[in-house]
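Quick notes on the structure that follows.
Derivation of every value follows stated rules applied to the coordinates shown; laboratory data play no part. Just so we're clear, the structure is a prediction, and the values are computed from it rather than from any experiment. Neighbour counts are summed over all protein chains in view; Cβ atoms, including those assigned to glycine, are modelled from backbone coordinates with ideal geometry.
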Amino acid sequence: MTQSSSPQPTPGDGPRYIAHRGLSARAPENTLAAVQAAHAAGCRWVELDVQLLGDGTPVLWHDAGVKRCSNGRGKLFRFDAASAARLDVGAWFGEQFRGERMATLEAMLALLKRLDMGLNLELKVTRGRNAIELVKAALPPTLEALAPEKLIVSSFDRHALTAARALETNPDRLRLGVLDDKAPKRWWRETERLSAYSLHLDWRKLKVKRAREIADEEIKLFCYTANDPVAFDKLWEWGVDGVISDDPVRFIEHAGQQQAHAAPSRASV
């Protein structure tokens with residue numbers, strides 16, 4: 001699997017640069033503001049986490065609780081749509097984001113559709129929560145809103161991935177991503193069982209042998225959460241397809257600089 005030096009993928013390719021929880025280096029994570037910032041910066045894809053409130057409303061949120069990224073306290077499942085909407089989820093990041101509200105999946109899908117952006121939706125199953133309920137609530141509206149080529153659904157939770165594949169058996173209609181910290185020796189067992197589109201692995205734990213082994217197969221390899229494009233360069237050579245980053249703009253700019261430096265050399269040949 002050879003990698004293009006182009007800063008952006010060509011039409012029809014999988015995503016090369018994915019903004020982690022939106023452009024989370026520059027805006028509060030998993031918010032409408034973070035996705036708008038990603039779009040304004042030239043990012044075509046975002047990765048977002050979906051969970052359920054206590055009343056079953058799907059929202060974009062990472063933690064089991066709300067303390068880290070809001071002015072509230074308590075477990076997420078203690079909130080319903082009305083009480084969650086009263087939380088300020090932006091001021092913790094910066095005064096300019098004061099008043100930002102928790103994004104519902106419905107509102108986020110509408111924004112992504114309007115901006116024509118791709119989504120890597122992570123099914124976030126925290127301790128004690130029901131994976132199947134999450135899939136039933138979050139997946140149908142997502143599949144309805146976004147074209148298959150604009151969507152990857154991933155999860156660390158195998159029950160969630162199994163339920164997702166049962167809900168949509170066609171791998172061309174639903175592209176699943178198997179999330180793990182590192183690929184086990186027999187990594188293909190899960191990808192084959194789920195008819196998965198991609199593996200999503202911790203870039204710091206990836207070894208060249210395993211990366212090239214995956215690259216030789218018909219499955220995409222994405223690495224999270226990298227923020228140093230220079231340190232990541234060797235992984236492109238290993239056959240990695242895409243990077244999930246808090247600030248993918250750094251990767252896009254770095255690729256552009258490499259391309260610019262290479263142009264005079266090609267012209268002189």
### Summary
Of the residues in the stretch 124-138, those that are touching a strand residue (DSSP E or B) at 6+ places or on another chain (Cβ under 9 Å) and either among the hydrophobic types (A, V, I, L, M, F, W, C) or surrounded by 21 or more Cβ atoms within 10 Å (Cβ to Cβ) (or both) number 7
### Task
Need at least 1 residues that are charged (D, E, K, R) and within 30 Å of E168 (Cα to Cα) per element, so show me which strands (runs of 3 or more DSSP E) inside the stretch 188-266 make the cut, counting only ones lying wholly within it.
198-202, 220-224
### Message
Looking only at the stretch 224-244, count every residue that is more than 20 Å from the chain's Cα centre (by Cα) and in contact (Cβ under 8 Å) with a residue 40 or more places away in the chain and tell me the total.
### Response
1
### Query
Where residues in the stretch 207-223 are without any contact (Cβ under 8 Å) to a residue 40 or more places away in the chain and over 15 Å from G177 (Cβ atoms), which of them is surrounded by the fewest Cβ atoms within 10 Å (Cβ to Cβ)?
K209
### Task
Working only within the stretch 70-86, note down all residues that are surrounded by 17 or more Cβ atoms within 10 Å (Cβ to Cβ) and polar (S, T, N, Q).
S70
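Go over the candidates R98, R73, R44, R68 one by one and state the one that is in contact with a strand residue (DSSP E or B) (Cβ under 9 Å, 6 or more places away or on another chain) and under 17 Å from A27 (Cα atoms). If you could, list the steps in order and put the result at the bottom.
On the way: R98 fails: in contact with a strand residue (DSSP E or B) (Cβ under 9 Å, 6 or more places away or on another chain); R73 fails: under 17 Å from A27 (Cα atoms); R68 fails: in contact with a strand residue (DSSP E or B) (Cβ under 9 Å, 6 or more places away or on another chain).
After applying the criteria, what remains is R44.
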### Query
Only one of (1) surrounded by fewer than 19 Cβ atoms within 10 Å (Cβ to Cβ); (2) among the basic types (K, R); (3) in contact (Cβ under 8 Å) with a residue 24 or more places away in the chain fails for K67. Which number is that?
(3)
